[in-house]
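The next block holds one structure in the form of structure tokens; read it before the comments.
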Amino acid sequence: MTPIISVRSLSKSYSNGFKALDGVSLDIKKGEILALLGPNGAGKTTLISIICGMTNPTAGSVTVDGYDVVKDFREARARIGLVPQELTTDMFESVINTVSFSRGLNGRKPDPAFIEQVLADLSLLDKRNNALRELSGGMKRRVLIAKALSHEPSILFLDEPTAGVDVALRKDMWQLVERLREKGVTIILTTHYIEEAQEIADRIGVIDRGRLLLVEDKDALMRKLGKKQLAVKLTQPITALPASLSSWDLALSEGGDELVYAYELGSQDGEIARLLQALSAAGLLVGDLSTRQTSLEDIFVSLIGENA
């Protein structure tokens, strides 16, 4: 399947020598939700700005639905909706005029019924005649989303959309994302809320220092890099591991009353049972067992650490 967005060897450098992007290549599939994770200054916003045609790259190319974002700017940009991090709106204009103007700006004919539906979906309908300066921060954020959706884009970028917003807006937004996915809209989001990316994304990309460290199917990533830990609580503390347990990758807690065993997801059946038998044979009595699985946040922190 031809990707709806294709990024090839993309780099962006500034006159002071700072390289915001360094040879990024990425294909984004039609209808998927891709989450881009990375620390502040990693290059996430720069990458989005170039794809959306707001910044020109130093090297490389980007096509959106087959259109080059530089040579065919209008055609490419018409397919994209962007919810930026910053609140960039006319504070004295009304909500409905702001959203309607954004639709026209992107070359779409007026459609009051559609605009009102977008406002209703974002719980803004009763605020449609209010000036933006009269709205709370969360409501202003909803207006940005409405503007991005006003021209019915096939691709939606959400750049840190829930940073600093209330729980109600965050919940509404992810419900909206699910509805858009059902309509076939491609969604790319950057977020600091890794648990949200883990919950809704199809694929995960990790970017750091301008380089794309990986892009992978979320479930495959969890299987490949995820681990589980078994914590074994002993009834009596020990000062050292018995020699008979040296072949097992066990860590003894500082207090000597707990053993931690790390193993790969999908390990062979019976591995834990054999470990428990080995503990019993060594004369260790087990008081309790608990397990913990590696989260996406653990994987993210590990990848960033390796890139440091």
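Some observations on this one:
- Taking the stretch 169-207 as the range and being out of contact with any Gly (no Cβ under 6 Å at 6 or more places or on another chain) and under 15 Å from V143 (Cα atoms) as the test, the residues that pass are R170, D172, M173, L176.
- Flag if A231 is in a strand (DSSP E or B), without any contact (Cβ under 8 Å) to a residue 24 or more places away in the chain and at negative phi: no
- The criterion of being of a type outside the set (S, T, N, Q), modelled with pLDDT under 95 and not in a loop (DSSP other than H, G, I, E, B) holds for L36.
- Residue count for the stretch 39-64 under the criterion of being in a loop (DSSP other than H, G, I, E, B) and surrounded by 22 or more Cβ atoms within 10 Å (Cβ to Cβ): the result is 3.
- Residue within the stretch 26-47 that is over 15 Å from L213 (Cβ atoms) and among the hydroxyl-bearing types (S, T, Y) present: yes
- Taking the conditions (1) under 17 Å from K140 (Cα atoms); (2) among the hydroxyl-bearing types (S, T, Y); (3) under 29 Å from the mean Cα position of the chain (by Cα) in turn, Y67 satisfies each one other than (1).
- Restricting E134, E86, E116 to residues that are in the same structural domain as E160 (by TED's automatic domain parsing), closer than 30 Å to D298 by Cα and of a type in the set (D, E) narrows the list to E86.
- The stretch 9-63, residues that are more than 22 Å from E75 (Cβ to Cβ) and of a type in the set (D, E): D22
- Flag if Y67 is over 19 Å from I207 (Cα atoms) and either surrounded by fewer than 22 Cβ atoms within 10 Å (Cβ to Cβ) or among the small types (G, A, S) (or both): yes
- Of everything listed in (1) buried (at least 22 other Cβ atoms within 10 Å of the Cβ); (2) modelled with pLDDT of 90 or more; (3) within 24 Å of M91 (Cα to Cα), the single unmet condition for R142 is (2).
- Residues of the stretch 13-32 satisfying the condition of being within 22 Å of the chain's Cα centre (by Cα) and of a type outside the set (V, I, T): A20, L21, D22, G23, S25, L26, D27, K29, K30, G31, E32
- Search result, residues across the stretch 109-132 that are modelled with pLDDT under 90 and among the charged types (D, E, K, R): D121
- The residues listed here are G81, G23; of these, the one that is at positive phi, in contact (Cβ under 8 Å) with a residue 24 or more places away in the chain and either surrounded by fewer than 16 Cβ atoms within 10 Å (Cβ to Cβ) or in contact with a helix residue (DSSP H, G or I) (Cβ under 7 Å, 6 or more places away or on another chain) (or both) is G23.
The values are calculated or read from the model by the stated rules, or taken from the named source; none is laboratory data. In this text, all values refer to a predicted model and were calculated from it rather than measured experimentally. We place every Cβ from the backbone using ideal geometry, glycine too, and count neighbours over all the protein chains shown.
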